[in-house]
Structure formats: structure tokens, C-alpha cells
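Below you'll find the structure, written out as C-alpha cells, and then a few comments.
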Amino acid sequence: MGYWNEIVARFGLSEENFAGGSKISIFDDVGALVEGHRGILSYAPDEIRIRIGKRNLVLKGQKMRIVNINRYEIYIVGRIASASGEE
């Protein structure tokens with residue numbers, strides 16, 4: 001279950017009010033977890049672009065690779081140097 005789906009279920013909230021939420025967690029030099037994504041736009045070991053809602057998440061780093069992806073989450077390992085958003 002994705003992060004936002006879990007929050008909505010746990011607190012009994014209306015799903016219509018929370019559709020499209022995302023959460024990005026970066027773990028030191030280990031990697032990142034992106035929850036609530038809308039797909040991968042581009043992938044290279046030094047830059048990954050991911051659609052989150054109406055914006056794009058740009059992760060820059062070294063030796064990054066996607067180790068798991070599903071409908072709700074993307075697990076990335078490698079050294080994340082920066083994370084930024086773009087329209």
C-alpha cells in the first residue's frame with residue numbers, strides 16, 4: 001500500500017481530497033524512496049527524472065539504479081547528490 005493510501009485508510013479520510021500526493025525519502029548515501037509517483041520520465045546512472053503530480057522530481061547523483069518499482073513506489077539505490085522539482 002502506498003504512503004497516501006495508508007494515511008487515508010488509517011484516519012478514515014476521503015480519498016478524493018488526497019489523490020495525487022507523494023512523499024520523497026532520501027537515505028544518506030544509500031538511496032531514495034519515492035511514493036506516489038506517476039512514472040519515470042528518464043533514467044541514467046547520474047540523473048533520474050520522475051513524474052510526481054503536476055511536477056517532476058529530478059534526482060542527481062552517482063551510480064543510481066532502480067531496484068524496485070511498482071504502481072505506488074520507486075526504490076533507488078546509489079549516491080543521491082541533489083533532489084529538485086521542476087514544472
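None of the figures in this text is laboratory data; all of them are computed from the coordinates on show. Remember, predicted model here, so these are calculated numbers, not experimental data. When we count neighbours, we look across all protein chains shown, and the Cβ atoms used for this are built from the backbone with ideal geometry, even at glycine.
Among L59, L33, L41, rank each residue by its count of other Cβ atoms within 10 Å, from fewest to most, as a rough exposure measure. Write down the numbers at each step before the final one.
Details: L59 23, L33 15, L41 12.
Fewest-to-most ranking of L59, L33, L41: L41, L33, L59.
Mind checking the dipole of region 22-86: about its Cα centre, +1 per Lys or Arg Cβ, -1 per Asp or Glu Cβ, Debye to the nearest 20?
Details: 11 positive and 7 negative charges, 54 e Å.
Using only the charged Cβ atoms, the result is roughly 260 debye.
The alpha-carbon of K23 sits under 20 angstrom from the alpha-carbons of these lysines, leaving out residues fewer than 8 places away in its chain: K54, K60.
Each residue of region 24-36 was assigned a 3J(HN,Hα) from its phi angle through the Karplus curve 6.51 cos²θ - 1.76 cosθ + 1.60 (θ = phi - 60°); the sequence is 10, 10, 10, 10, 6, 9, 8, x, 8, 10, 10, 10, x Hz, with glycine and proline shown as x. When Y72, Y43 are arranged by Cβ crowding within 10 Å, least crowded first, meaning fewest neighbours, the order is Y43, Y72. In this structure the amide hydrogen of I52, modeled in the peptide plane, comes within under 5 Å of the amide hydrogens of R38, L57, none closer than 5 places in sequence on its chain. Rounded if a/c is under 1.5, else prolate if a/b is larger than b/c, else oblate: which is region 35-87, with a ≥ b ≥ c the root eigenvalues of its Cα gyration tensor? It comes out oblate by the Cα gyration axes.
Sort I76, I69 so that the residue with the fewest other Cβ atoms within 10 Å of its own Cβ comes first and the one with the most comes last. Kindly include the intermediate steps, with their values, before the conclusion.
On the way: I76 23, I69 15.
The order, fewest Cβ neighbours first, is I69, I76.
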